[in-house]
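Take a look at the structure set out below.
We did not get these values from a lab; they are worked out from the coordinates using the rules stated. As the structure is a prediction and not an experimental result, all values here were calculated from the model. Methodologically, a virtual Cβ is constructed for each residue, glycine included, from the backbone with ideal geometry; neighbour enumeration extends over all protein chains shown.
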Amino acid sequence: MLYFGRCRILATVLVVCAAFTACVAADGAVIAHPRETPSFIVAGFVGGFVRHDNPRHGPVQFAERLRSSAPKDTYIQVFENRHRKTAYLTILSLVDRNHDGVLSDEEKAQAHIVLFGQSWGASAAVLLARELKRAGIPVLLTVQVDSVAKLWQNDRIIPENVAEAVNFYQPRGVVHGRREITAADPSKTQILGNFRFDYKKAPVNCPAPSWFDRVFTPSHAQSECDPHLWSQVEVLVRQRLQPRPGTVAANPKP
């Protein structure tokens, strides 16, 4: 089974690299050129049916701010939550630093990946981390903002290839975030916290919310535009985008 799994990953990388001359993702995001070898990879997911480039939404705005001050060789991209496979293939190609179609142990160890998302996008981030685990690729940090899983998904248990994970949620309304995340292996993954925000007590004014958000999911929508919440996300992510010689995401402190 292990041999079969490695062959499957190898075949996937080979297919991706072969199609990489100018590959455009189904959601409109351009997959990185194979010559690029970023020191850090930051992949985010929007929630609901939001477009990956809609500037009115929190994950897109956060990615734009991050691009302005992140290390120059950082790859930052937001995906639609239904295009998780595109994000996965993009990461495989970026981790394959020598572009030989084979992910070596050294290449995997050099991967510095941060995943984040809001609502369905937060669940997508956890599922992507799980897929990267099967490929043997570590993740520095996962960030979930008011995480909502689809019926067949599990956004609660963080896989052991993730060094650190954090969860921000609000408990009110028809749609509300997961209250608690846990580590599949606490010796390998540190849960930084499950942080509660209450928009009944401290409401946030979102610019031009839709009628649906105003009527049915006001608190959930506020989690997407809350500047205080996203500033905390930004601090956490920026801290992980600093060179740390001799450390790899696969070996968090016990």
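Checked against a 21 Å cut-off, the cross-linked pairs K85/K133; K150/K188; K85/K150; K108/K150 give Cα-Cα distances beyond that limit for K150/K188; K108/K150. The ranking of I113, I76 from fewest to most other beta carbons within 10 Å of each one's beta carbon is I76, I113. Listed by Cβ neighbour count within 10 Å, with the fewest neighbours leading, Y88, Y169 appear as Y88, Y169. Taking 0.36 nm per residue of separation and subtracting the current Cα-Cα distance, fully stretching the chain between K150 and V174 would add 7.2 nm. Under 1.5 on a/c is rounded, so check that first for region 47-164, then, if it is not, pick prolate when a/b is larger than b/c and oblate when it is not; a ≥ b ≥ c are the square roots of the alpha carbon gyration tensor eigenvalues. It is oblate, given that a/c is not under 1.5 and a/b is not larger than b/c.
Net charge of the neighbourhood of R65, taken over other residues with C-beta under 11 Å away and scored Lys/Arg +1, Asp/Glu -1, is 0. Mean sequence separation of contacting Cα pairs (under 8 Å, at least six apart), scaled by the length of region 144-208, corresponds to a relative contact order of 34 percent.
Among L115, L66, the ranking by other beta carbons within 10 Å of each residue's beta carbon, starting with the fewest, stands as L66, L115. In this simple spin-label model, placing a label point 7 Å from the Cα along the Cα-to-Cβ direction at both A109 and K201 gives a separation of 4.6 nm. Shown is the FRET efficiency for I157 and L236, computed with R0 = 22 Å from the Cβ-Cβ distance and rounded to the nearest 0.05: 0.60.
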